[in-house]
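A short reminder: the numbers here are calculations on the coordinates, not readings from a lab. Everything numeric in this text was worked out from a predicted model, so none of it was measured. Cβ placement follows ideal geometry from the backbone for every residue including glycine, while neighbour counts extend to all protein chains displayed.
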Amino acid sequence: MALDLTKATKRRTSALLVGTFLLGAAGAAFLEGQTSTPAFAQNLSEQVTPNYERGAPGFADIVDRVSPAVVSIQVKSRARPQLSGFGMEGSPFERFFDDFERRFGQQEGRRAPFNNRGGGQERRQFSMGQGSGFLISSDGYVVTNGHVVDGAEEVDVILQDGEVLSAEVIGVDDKTDLALVKVSHDKDFPFVSFADKETRVGDWVVAVGNPFGLGGTVTAGIVSARGREIGAGPYDDFIQIDAPINRGNSGGPTFNLNGNVVGVNTAIYSPSGGSVGIGFAIPASIAADVIDDLKDDGTVTRGWLGVQIQPITPEIAESLGRDSIIGALVTEPQAGSPAEKAGLRPGDAIVSVDGEDVEGPRDLARTISGRSPDEKVNLQVWRDGKMETVEVTLGKLNADEPEQASNKRTSSNRDDDAADLLGMTLAPTSDVGIDGPGLAVVEVDPEGAAAEAGIRVGDVILQAGGSDLASAGDLESGINAAGGEGRKNVLLKLQSGENTRFVALPVTGERG
């Protein structure tokens with residue numbers, strides 16, 4: 001008979017519970033007078049009454065309540081896990097990590113011969129990796145990180161009581177590093193829910209997971225920051241927490257004091273590979289939407305605008321005649337994209353979507369990705385000194401979306417026709433063996449304004465003040481036009497490798 005878990009539990013060993021809660025343990029009593037009878041088909045996030053509301057410190061009641069839904073995940077794959085970046089062939093740390101893997105069960109199978117000279121064979125036939133996860137439904141759906149199950153051939157989910165169940169990967173979203181797996185069993189499971197309110201900086205949180213394969217471990221801390229971008233993907237919006245998380249915590253939940261999942265533990269910042277109090281979790285607002293999509297058909301469908309964008313600096317804003325840096329600057333619409341079809345242009349500053357302000361490029365990317373393909377959106381765009389509205393019918397973001405064409409670059413020496421402007425030496429692209437329009441940067445004064453703005457030798461300046469360039473005279477005209485309009489900066493459009501971008505340089509060529 002399933003237990004009634006709606007009542008608060010009685011703390012039995014609160015001083016020791018957080019430090020000694022292990023995966024194989026049956027767990028504390030859920031009701032006064034009850035012992036470790038498992039709970040099934042119950043939403044464990046409901047009706048948690050945290051200790052602090054009764055004036056008592058500690059997190060034991062929350063841990064008692066939600067821990068049956070937290071699982072360990074074992075993955076058998078062909079790829080050898082990389083530990084701290086040191087598990088490479090020939091590394092002086094290789095023997096240490098081999099011992100570590102043997103100790104904690106991180107490898108299986110024997111090492112195959114390896115030939116450093118001739119390619120050799122695969123080091124191992126297969127390996128075992130470990131991570132964490134949590135049940136979100138009574139029928140056995142489990143959330144974890146994409147990198148936990150990446151390349152998996154076999155996946156096992158280990159419940160709190162030690163029971164091992166086989167599972168299959170339903171879907172993985174590489175852009176957010178989230179994955180959904182399904183336990184192959186016909187019984188009902190306890191589960192938890194995503195929080196429907198955002199956490200605030202300073203809120204208490206509890207992280208539960210499987211660090212270093214030790215079993216279920218609980219740590220506590222606060223939300224240190226929100227909106228962190230760590231270069232993990234195009235939709236970075238991490239919660240930073242100081243609750244210690246380590247290797248093996250990946251994919252595990254971070255709970256608020258009401259027992260709801262506020263984040264999925266994903267990454268740590270550490271020079272040593274261990275916790276230094278800086279951990280990152282995917283917020284529930286992102287995870288819930290992605291997991292819903294994965295549950296439908298194993299994939300995530302996102303809206304697609306099809307533009308290259310960059311931040312708006314104060315200098316760029318001034319060159320555009322704006323007094324705000326809010327928004328995302330369009331550097332180039334992709335060929336055949338919804339943005340190109342709607343008439344978006346290089347130099348447009350997208351400041352809102354359907355009236356919702358766009359703080360910057362990542363904010364725009366997250367907003368568009370949350371819309372559906374074929375949905376119509378109204379973009380408020382700053383163009384030619386005034387605000388305009390551009391209606392766009394979004395497309396579907398695909399992994400094989402078209403890439404930007406690149407210009408072939410060749411090295412060159414200074415040409416007799418080169419001109420010195422704004423702290424750089426320029427020459428027509430045709431004179432230095434580069435295909436396409438514009439002025440090639442063949443030399444940069446390291447003390448000049450161009451260098452300070454990040455312009456490098458090999459960049460090609462395509463436009464100045466919105467006008468195409470074919471000669472140094474065109475650039476001078478653009479500089480003079482900006483000065484004649486009372487602007488302190490001129491906006492330059494550059495081609496850098498395969499990407500285009502904008503920079504703003506002072507019209508006098510002097511550094512600010």
* Structure fact -> By Cβ neighbour count within 10 Å, fewest first, 241, 268 rank 268, 241
* Neighbour-count ranking [beta-carbon atoms within 10 angstrom, fewest first] of 63, 164, 192 -> 164, 63, 192
* region 419-506: Rg/Rh from Cα coordinates, Kirkwood Rh? -> 0.93
* Give, rounded to the nearest 20 debye, the magnitude of the charge dipole that region 419-506 has about its Cα centre when Lys and Arg contribute +1 at Cβ and Asp and Glu contribute -1 at Cβ. => 320 debye
* How long are the semi-axes of the ellipsoid equivalent to region 303-396, from square roots of 5 times the Cα gyration tensor eigenvalues, in whole Å, largest first? -> 21, 13, 11
* By counting other Cβ atoms within 10 Å of each Cβ, how are 457, 490 ranked from fewest to most? -> 457, 490
* To do: Quick one, can you get me the convex hull of the C-alpha atoms of region 130-177 expressed as volume per residue in Å³?
  => 84 Å³
